[in-house]
1. Just one of [x] 15, 52, 30, 2; [y] 17, 52, 27, 4, 0; [z] 14, 35, 21, 15, 9, 4, 1 is P(r) over Cα pairs in 10 Å bins from 0, in percent as worked out from the coordinates here. Which one is it?
2. Output the relative contact order of the stretch 3-96, whole-number percent, from Cα pairs under 8 angstrom with separation of 6+ residues.
3. Suppose the chain between residue 19 and residue 86 were pulled fully straight at 0.36 nm per residue; how much longer would it get relative to their current alpha carbon spacing?
4. Rank the residues 98, 87 as a footprinting-exposure proxy: fewest other Cβ atoms within 10 Å of their Cβ go first.
5. Given points 7 Å out from each Cα along the Cα-Cβ axis, report the residue 6 to residue 29 separation in nanometres with one decimal.
6. What's the exposure ranking of 13, 68, 7, going from fewest to most Cβ atoms within 10 Å?
């Protein structure tokens, strides 16, 4: 089962466990696939990030806004000095959604 960034609420937290690291992606704009990424080589401090897509295992099609076990995630991280961060293979993903605010 995968998680599509465009289908979660703003403020959702997606925990991504990979072969070598754990990441936390807090979604701020699901339509634009934007949020704050922490973990792995970034450490505990959250960084502005854009989920640029996923790299599937060879030969399989992939929905670009979806986290899937067995795929690698690609993020563009930072403001002025953007870096491309590609995770190792995703082994587990979890979603924690904060209820939408009531007006």
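Every read-out reported here was derived from the displayed coordinates using simple, explicitly stated rules and does not represent laboratory data. Note that this is a predicted model, so its numbers are computed, not measured. Cβ sites come from the backbone with ideal geometry, for glycine too, and all protein chains shown count toward neighbours.
1. [y]
2. Working: 226 pairs, mean separation 26.9, N = 94.
Over the stretch 3-96, the number comes to 29 percent.
3. On the way: separation 67, 0.36 × 67 = 24.12 nm, distance 1.23 nm.
Extra length available between residue 19 and residue 86 comes to 22.9 nm.
4. Values: 98 12, 87 24.
Arranged by neighbour count, lowest to highest, 98, 87 become 98, 87.
5. 1.5 nm
6. Working: 13 16, 68 19, 7 11.
The order, fewest Cβ neighbours first, is 7, 13, 68.
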